[in-house]
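Worksheet: one structure, shown below.
No lab work stands behind these numbers, since they all come straight from the coordinates. These numbers were taken from a predicted model, which means no experiment stands behind them. Cβ placement follows ideal geometry from the backbone for every residue including glycine, while neighbour counts extend to all protein chains displayed.
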Amino acid sequence: MSVTHDEAVCLRHREWSETSQTVILLTRRHGLINGIAKGSRRERAAFSGGFELLQVGELGFIPRPDKDLITLTEWDLTNPYLALRSRYAASALAMFAGELTMSLLAQGDPHPRVLDALLMLLDESTTAAAPMADCRPLSRFLAALLNDTGQFPDIGSAAGPAASVRMFDPAQARLVEGSHGSVQARDPFSPGEQHGVWPIRSETIDLLRAVGDGRETGQAEKGEPARWTRVARFLAAWVVYRSGRRPASLDTFLRITRFEGRSPAAGQDDPPVGRSLRHDRP
């Protein structure tokens, strides 16, 4: 059979034997591909020394729609993104993005815009001057992922002061009016958590709308890191909810974004999760 070539990003790799690997790649024209690269770890193999996470290259493979694991024939590395290896936070966020991509896309379903967004995330993650985690690239990528799959949530508009808190019902995929007095806010990242609403600030909603519509204003671009962190956490929670899968890198993502871009004192006014939340005390 003839060999097909496509641009790809490596999202996962595992050792198959002493010389071979199994990999999952996001390709431009063929979507997610689950393949086996026999002999990829040999010195003179046609695989650029083997597959590594979040590296980009030109992939050669033999299409077999009837096979879950297709045969990969070559891998020509075009961008190793070596700078990610020295940036822990940026690398962790990029790996988290890769896991969310695998959880939301179906194998063999092409999404070239998602690939472009992932490449942009990798570019921004390796060129940003900020030494700490910057959630702007991840937020933009998740918005592109959800938009391209038709799953961006209906967040409407944010009415009221920027510090006010609204309620998002994941079951209805939209903002809802809370009851008088107290409401029960749920942790969107808890395994098996299917009921309840998620608290979200009005200022977060405004930035979410701008990112989702692809029309970030100068004000949104200059927004403090805490706003971008909240946007990234909300979109990540939504992808986890929609896919029904808890990524292995989720705990790392939550840890490095817990107080990213803000002091613990500034985070004390965040809506409590899993506890009673009063409308008049955001």
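Observations on the structure shown:
- Computed about its Cα centre, the charge dipole of region 4-80 is approximately 140 debye, with only Lys, Arg, Asp and Glu carrying charge at their Cβ.
- Ranking of 67, 38 by neighbouring Cβ atoms within 10 Å, starting from the fewest: 67, 38.
- Neighbour-count ranking [beta-carbon atoms within 10 angstrom, fewest first] of 81, 241: 241, 81
- Label separation (residue 14 vs residue 154): 4.0 nm, computed from points 7 Å beyond Cα along the C-beta direction.
- Computed across region 28-101, the Kirkwood radius stands at 13.7 Å (inverse of mean 1/r, all Cα pairs).
- Counted by neighbouring Cβ atoms within 10 Å, the residues 10, 135 run from fewest to most as 10, 135.
- Multiplying the residue separation of residue 86 and residue 34 by 0.36 nm and subtracting their alpha-carbon distance yields 15.9 nm.
- Rel. contact order, % - alpha carbon contacts under 8 angstrom, at least six apart, region 4-80: 31
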